[in-house]
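Here is the structure we will look at, set down as structure tokens.
The values are calculated or read from the model by the stated rules, or taken from the named source; none is laboratory data. These numbers come from a predicted model, not from an experiment. Neighbour counts are summed over all protein chains in view; Cβ atoms, including those assigned to glycine, are modelled from backbone coordinates with ideal geometry.
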Amino acid sequence: MARWYAMEHLKTDPGIRAIHYLPKGAGDREIRFIEINTLLADRTDDSLEPIDFGVNMGSEKAHRLFVLDVTEKQWTRMESGELTLPNGWSLADKATYKK
Amino acid sequence: MNQYQRLWWEQAACDYEAYDRMRRQGFAKCHKLQFLQMSTEKIAKAYFWRNGKAPPKTNAGFVQFLRFLATIPNERDRIAGLFAFRRFTDFQTWIYSVQPIAYALERITPDLANNGPNPEYPWPHSAPQFAPAKYDFEVWSQLENSNGRHLMRFIKVAIEKFPEYADT
């Protein structure tokens with residue numbers, strides 16, 4: 001399902017260069033994405049808060065998609081550990097999707 | 001639609017009405033853009049309140065709103081139909097084509113303008129050389145082209161028909 005969402009997001013937003021799927025520490029019905037976005041305005045406050053998008057909530061198919069859009073600069077700083085990830089998120093075991 | 005969504009939707013509609021009145025009365029582009037941007041930010045937040053949890057506080061959100069709406073797994077034909085598309089894939093292709101305008105609209109907020117063109121304050125902050133009042137915003141030109149006009153119609157419909165997809 002993560003791959004499906006990633007490919008759909010890449011297909012519908014020209015700003016997204018790559019999507020990193022972060023499974024480590026995520027719940028069973030939780031998908032965490034960091035989406036590297038070339039059209040995003042540069043941020044100065046570095047407030048990294050993902051959007052929590054629940055799908056089919058209250059049903060058997062319920063799942064949550066967390067998406068954090070970051071600029072290329074922010075991603076570089078994340079990889080080097082200079083910029084902190086959202087609480088509980090980890091880059092270990094990440095899978096990357098590109099166009 | 002939950003109570004939080006309703007409040008954000010009401011404010012989005014109110015901002016859009018202000019934009020529409022300004023447009024018909026020939027107000028300066030800065031004011032029209034400010035209210036148009038605010039209405040898009042708020043309809044996005046109304047949508048993201050669907051889980052009953054607060055979305056991020058940032059002024060951004062409209063581009064994510066378009067992205068999520070264009071990638072929902074359920075009721076795709078119905079959503080496409082709400083926005084006058086016959087097929088969901090056509091809707092997705094169209095969203096892809098207008099996203100650059102949506103990003104440009106989002107970037108005019110003072111917080112995201114990086115000390116550049118914004119509809120509220122003269123810039124650059126330390127030694128202003130431009131005022132929004134008479135500035136010819138590039139995004140306004142983009143909104144007046146074919147794709148831009150279509151995006152404007154989409155925004156209007158997204159606000160008017162919000163109850164029909166708020167929980168989708």
Scope the stretch B:125-140; condition in contact with a Phe, Trp or Tyr (Cβ under 9 Å, 6 or more places away or on another chain) and either part of a helix (DSSP H, G or I) or within 14 Å of another protein chain (Cβ to nearest Cβ) (or both); matching residues
B:P132
Which ones in the stretch B:107-154 are of a type in the set (S, T, Y) and either farther than 21 Å from B:G61 by Cα or surrounded by fewer than 18 Cβ atoms within 10 Å (Cβ to Cβ) (or both)?
B:Y121, B:S126, B:Y135, B:S141, B:S146
Kindly indicate whether any position in the stretch A:33-44 is over 14 Å from B:Y103 (Cβ atoms), surrounded by fewer than 19 Cβ atoms within 10 Å (Cβ to Cβ) and not acidic (D, E).
yes
Which numbered condition in (1) away from every other protein chain (no Cβ under 14 Å); (2) hydrophobic (A, V, I, L, M, F, W, C); (3) not in a helix (DSSP H, G or I) is the only one that B:L143 fails?
(3)
From B:E164, B:E120, B:E138, B:E106, residue being touching a Pro at 6+ places or on another chain (Cβ under 6 Å), charged (D, E, K, R) and more than 23 Å from A:K99 (Cα to Cα)
B:E120
Could you say whether any residue in the stretch B:107-126 is in contact with a helix residue (DSSP H, G or I) (Cβ under 9 Å, 6 or more places away or on another chain), within 22 Å of A:H63 (Cβ to Cβ), of a type in the set (K, R) and without any contact (Cβ under 8 Å) to a residue 40 or more places away in the chain?
no
Search result, residues across the stretch A:13-27 that are in contact with a strand residue (DSSP E or B) (Cβ under 7 Å, 6 or more places away or on another chain), in a loop (DSSP other than H, G, I, E, B) and either basic (K, R) or within 14 Å of another protein chain (Cβ to nearest Cβ) (or both):
A:G15
Could you tell me whether A:L65 is outside any helix (DSSP H, G or I) and within 11 Å of chain B (Cβ to nearest Cβ)?
yes
Is there a residue being assigned to a strand (DSSP E or B) and crowded, with 19+ Cβ neighbours inside 10 Å anywhere in the stretch A:70-88?
yes
Filter result for A:E8 (within 13 Å of chain B (Cβ to nearest Cβ), surrounded by fewer than 21 Cβ atoms within 10 Å (Cβ to Cβ) and without any contact (Cβ under 8 Å) to a residue 12 or more places away in the chain):
yes
Looking at A:L22 and the list (1) more than 26 Å from B:T168 (Cα to Cα); (2) at pLDDT 95 or above, which single condition is not satisfied?
(1)
Note on B:Y103: of the conditions (1) under 16 Å from B:I159 (Cα atoms); (2) modelled with pLDDT of 95 or more; (3) at the interface with chain A (Cβ under 8 Å from one of its Cβ atoms), unmet is (1)
